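Read through the structure below, which is laid out as structure tokens, and then see the notes.
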Amino acid sequence: MFRDYTPKIQLIMIKKRLKSITYIFLLFWIPNLQAITIDPYLPDASTPPVIAGKSLVWNDEFNVDGKPNTANWKSETGFVRNQELQYYQLANANCINGVLVLNAKRDTVGNPNYNSGSSDWRYSRQNAFWTSGSIISQGKQSFLYGQFEIRARIDTTLGSWPAIWTKGISGSWPNCGETDIMEFYIKSGAKTILANVAWGSATAPAVGTWNTKTKSLSYFLAKDADWCQKFHVWKEIWNKDSLKLFLDDELLNTQLLTNTNNATGIIPANPHQQAHFFLLNLAIGANGGTPRLTTSNFKYEVDYIRVYQNNITENQNILDKQIKIYPNPVIDFLNVQSQVQPQQIKITDILGNTTKILQFSEEKLSLSQLKSGVYMLEILLVDGSVYKQPILKK
């Protein structure tokens, strides 16, 4: 007997269309997937984006007016390095309208460490005729491996030497290791963007070994005449094997870490296999060139600094043996036993919304307030990596 299946087929097709429309709607409206256009001339006020396979483990958006957050930064003070012109002081580092502003000013300040008989330039100068700002995260925030992103607008006026860089937490320079995510100064008579990696020398431990890559400012201006008026994103991608330095997603330099060993007997043996801290500074003079007499100030703006690390650590198989979570499924209490030092435990639902954050102070966690369902347990480890384990709450 013939049966007309047309209405049923039409209903199936309608359901498929509705499903496709729903998917497209979600694609455009879920915040993490929504494309956001950022004005290159203004600070970025948007939420840090989600990067697949990575967690945002630390960031400073500089959104609170006033001095930089003391939980993250301390100020350098005085004459510090390279016989530069400026005297660093906290007064020249301020968060204003969503950006960190490092101002350099033509000024006269006395050097409290002045010693007329000293041969050291830091003490033989009675006065400084420029002041500027430099903040560092030493002793406050440091990281081993990750994806570091820093959005900044630099001053390219003659005399300016802004930088975004890192140093290792142990060892004297250069054996501590240095990564210059961004430097700008005069090189071979031309204004230049640099991306550098440094470590100790096998023959002369007090002398740095350098991997330096440069691009002239004219290279960028040829592509965009407004380049100097815009914010740009400098990025470092660093793992146990290599580090790569980018500017607006253009690769500037690559360094294999098998080649960054210090001289035999120097500690650390490889300075790029230890945690590094950040430095944000605006130097004047020296490599930046002598400022013109008509120049009275410089301004260097940092919009944000963000650190992402892999969700799954590179030692995942080892961690599977070192971290024990039970029972799973869980009714009320979850036991977490770890041979490695956790910093924080976070529980998120299937949409990625945080439902609970716990400082790791005890092994038995109460989950009785959670509804039944599937959750993700995330354990933040001391090296900044995140160990994840799905759990079923009954």
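The values are calculated or read from the model by the stated rules, or taken from the named source; none is laboratory data. These numbers come from a predicted model, not from an experiment. With ligands, DNA and RNA removed, areas are computed over all heavy atoms of the protein, side chains included. Shrake-Rupley method; radii C 1.70, N 1.55, O 1.52, S 1.80 Å.
Determine the share of the range 72-163's accessible area contributed by carbon and sulfur atoms, expressed in whole percent, with a 1.4 angstrom probe. Mind showing how you got there, number by number?
Details: 1550 of 3730 Å².
That fraction is 42 percent.
Separation of the range 247-315 from the range 78-137 is 20 Å, based on Cα centroids. Here the range 210-282 has 53 percent of its accessible surface on carbon and sulfur atoms, given a 1.4 Å probe and all protein chains in place.
Across the cross-link table entries Lys74/Lys299; Lys235/Lys324; Lys213/Lys235; Lys215/Lys235; Lys167/Lys235, which are compared at the Cα atoms, the separations over 26 Å belong to Lys235/Lys324.
Kindly report the accessible area of the range 215-305 per residue (heavy atoms of protein chains, probe 1.4 Å, no ligands, DNA or RNA), in Å².
43
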